[in-house]
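Notes to accompany the following structure.
The values are calculated or read from the model by the stated rules, or taken from the named source; none is laboratory data. Given the structure is predicted, the values throughout are model-derived calculations rather than measurements. Here the Cβ is made from the backbone with ideal geometry for all residues, glycine too, and neighbour counts use every protein chain on show. Side chains included, ligands, DNA and RNA excluded: accessible areas come from the protein's heavy atoms. Shrake-Rupley method; radii C 1.70, N 1.55, O 1.52, S 1.80 Å.
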Amino acid sequence: MAIWNLGSINADFVYTVPHIPAPGETLSSTDRQMFLGGKGANMSVAAARAGARVNHIGAVGADGKWAVERLLEYGVDTRNIAEIETETAQAIIMVDPQGENAIILHPAANAQIPQATLQTAMAEAQTGDWLVIQNETNLQRTAASLGKKMGLRVAYAAAPFDAERVMAVQPHLDFLILNAVEAAQLEQATGQAPADMDVRDVIVTLGADGADWYGTGGKQHFDAIAVDPVDTTGAGDTFTGYVLAGLDRGMPMEQAIGQATKAGALMVMRHGTADVIPDLSEVQAFHL
């Protein structure tokens, strides 16, 4: 099968800072690096490195050719990434010594993906494939509705969180993943806890406390692997990409989550985003 990811593509500028700045505070960074990023690109790279066949649907400006080339190098099919007349999206990421981060997104091309690009990609999808969406692009509702009609399995990462967007696509979802903060925001906005969602599989990631899976058999908890984090950026996307790749390859959810937990643990011990996502051989060899 295959994974079709309507996803963001960013240039990630990562600044190492002594602490996350307070309002009005001016702070000098101690390092600056640029990576390929965006929740969509991160998930595509993670799923590809986990052994899935991944097709990315997105857009960049003329300044983003390098990002498309890098996705291709990492094993992602890039034929459905449009080059449009705007700039490529950017993220300003600040990381403190504990690995916590603060992020500013400039959506640019991610918010202007042509509908024709989505339709061209979906014409190649087959029943049983996965369609993945998240909130850093346009066309989520259109994609989810189309994917459901075509018999695709529709997955949604509800970040950056927007309750209206979640509710707009919920009727089409087979899989929902969100973190603990987003789950609380969703319950506050809609009155629905993860166990109440009319979605077959819901995963709530809990950072260092692991993850909860709400499936047909009820709630099941999975512990995280204890490591010393240096940068949590992209860890959730890595986890999501690995879970979906495992499911696409026929793994039971428990096994897919276990593999994804290892990938996420490796990821938080590295500085960077898509460029440093571990591959399957590293994940399988990882033992503490």
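Here are the numbers:
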quantity: Hey, E164 farther than 25 Å from T86 by Cβ, assigned to a helix (DSSP H, G or I) and of a type in the set (D, E, K, R) or not; calculated: no
quantity: Count of residues meeting criterion [assigned to a helix (DSSP H, G or I) and among the small types (G, A, S)] in region 60-98; calculated: 3
quantity: Residues of region 164-200 that turn out to be among the acidic types (D, E), closer than 20 Å to L146 by Cα and touching a residue at least 24 places away in the same chain (Cβ under 8 Å), as a count; calculated: 2
quantity: Count - residues of region 1-33 that are in contact with a strand residue (DSSP E or B) (Cβ under 7 Å, 6 or more places away or on another chain) and without any contact (Cβ under 8 Å) to a residue 60 or more places away in the chain; calculated: 3
quantity: Matching strands (runs of 3 or more DSSP E) fully within region 183-223 where at least 1 residues are surrounded by fewer than 18 Cβ atoms within 10 Å (Cβ to Cβ); calculated: 211-215, 218-222
quantity: Hey, Y242 crowded, with 17+ Cβ neighbours inside 10 Å, part of a helix (DSSP H, G or I) and of a type in the set (S, T, Y) or not; calculated: yes
quantity: Residue selected from region 245-261 under the condition of a type in the set (A, V, I, L, M) and in a helix (DSSP H, G or I), by the criterion farthest from D275 (Cα to Cα); calculated: M253
quantity: Contacts under 9 angstrom Cβ, first residue in region 98-117 being farther than 14 Å from E136 by Cα, partner loosely packed, with under 15 Cβ neighbours inside 10 Å and of a type in the set (D, E), 6 or more apart; calculated: G99/D228
quantity: Top-ranked residue in region 221-259 [being of a type in the set (S, T, Y) and modelled with pLDDT of 95 or more; ranked as nearest to A158 (Cα to Cα)]; calculated: T240
quantity: Number of positions in region 269-282 that are part of a helix (DSSP H, G or I) and buried (at least 22 other Cβ atoms within 10 Å of the Cβ); calculated: 1
quantity: Strands (runs of 3 or more DSSP E) contained in region 3-44 and holding at least 3 residues at negative phi and surrounded by fewer than 17 Cβ atoms within 10 Å (Cβ to Cβ); calculated: 31-37
quantity: Top-ranked residue of region 76-109 - restricted to ones that are charged (D, E, K, R) and within 18 Å of the chain's Cα centre (by Cα), ranked as nearest to D228 (Cα to Cα); calculated: E100
quantity: Those residues of region 143-161 which are open to solvent by 50 Å² or more (accessible area, probe 1.4 Å) and part of a helix (DSSP H, G or I), in sequence order; calculated: L146, K148, K149
